[in-house]
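In what follows, a structure is listed as structure tokens, so that the remarks can point back to it.
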Amino acid sequence: MSDLVGCMDALSYRFHDEGLLRRALTHSSLAVEQHRMGEDNERLEYLGDAVLEHLVSRHLFDTHPEMREGALTRLRSSLVCESALAFAARRLELGKYIRLSRGEEQCGGRDKDSILSDAFEAVLAAVYLDGGLEEADRLVREYVMSAENQPQRTSTKDSKTAFQELIHADHKGRAIRYELVSETGPDHKKLFTMRVLVDEEEWGTGSGPSKQAAGQVAAQMAIERYNSKCD
């Protein structure tokens, strides 16, 4: 119970049905360990993913009337990718409230991006079911749309450097280049979209308030593509 209270304090939201929050914080490894199959956060994660996409899409649609569909899609992808959601979860300190199996605990599960990002989506769904769309939207605005929630801040090494090291570790001769795709908005509120190419093949795109920030997001997306190819 004390863990639930601490999590509710972090969320600045009091649940009417605390069982929803408990379920949102229960990783599948614990459900398997306790022989309680299905009593984990995977269904809530599914719903949270849909709620998150809806709310982020609406915010971007309202705040960037100058952007075309492709740019909006790329920007949304950079905001809801695994690393960005894991960073949001770390800001909320969700890691210390997640209920894990002993094995997952010993493997450092509390700080895994995949577990943290899934927990964030599950908690968002729990808030939505318990308190409605307005409360869910508050969390999204504060922890996803906020300028503080930059994916590259999850690491002490910037994403461009990290991506360069990944590529050159396997293919030292490959050329990495960043290219400006678009520049939209008024002078006081510019939005830049950059893409990163490896030997002229596009690996990732990203948007941000400066070319440097957009390049960092593009590099983060490229890192995720690289990691998915290696899985």
* Of the residues that make up segment 61-69, is at least one among the β-branched types (Val, Ile, Thr) and surrounded by fewer than 18 Cβ atoms within 10 Å (Cβ to Cβ)? -> yes
* If you go through segment 57-68 one residue at a time, do you hit one that is in a helix (DSSP H, G or I), in contact (Cβ under 8 Å) with a residue 12 or more places away in the chain, of a type in the set (Gly, Ala, Ser) and touching a strand residue (DSSP E or B) at 6+ places or on another chain (Cβ under 9 Å)? -> no
* **Residues (in a helix (DSSP H, G or I) and farther than 17 Å from Arg68 by Cα) located in segment 172-221** => Asp187, His188, Lys211, Gln212, Ala213, Gly215, Gln216, Val217, Ala218, Ala219, Gln220, Met221
* To do: Considering (1) of a type in the set (A, V, I, L, M, F, W, C); (2) free of Cβ contacts under 8 Å to residues at least 60 places away in the same chain; (3) in contact with a Cys (Cβ under 7 Å, 6 or more places away or on another chain), say which one Leu21 fails and leave the rest.
  => (2)
* Asked: Can you tell me which of Glu135, Glu142 is acidic (Asp, Glu), outside the structural domain of Gly204 (by TED's automatic domain parsing), within 19 Å of Ser78 (Cα to Cα) and modelled with pLDDT of 85 or more?
  -> Glu142
* Restrict the check to segment 7-30 and report whether at least one residue is in contact with a Pro (Cβ under 9 Å, 6 or more places away or on another chain) and either on the phi > 0 side of the Ramachandran plot or not in a helix (DSSP H, G or I) (or both). => no
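The values are calculated or read from the model by the stated rules, or taken from the named source; none is laboratory data. Since we're looking at a predicted model, the values are computed, not measured. Because the Cβ atoms are built from the backbone with ideal geometry, glycine has one as well, and the counts that use them run over all protein chains shown.
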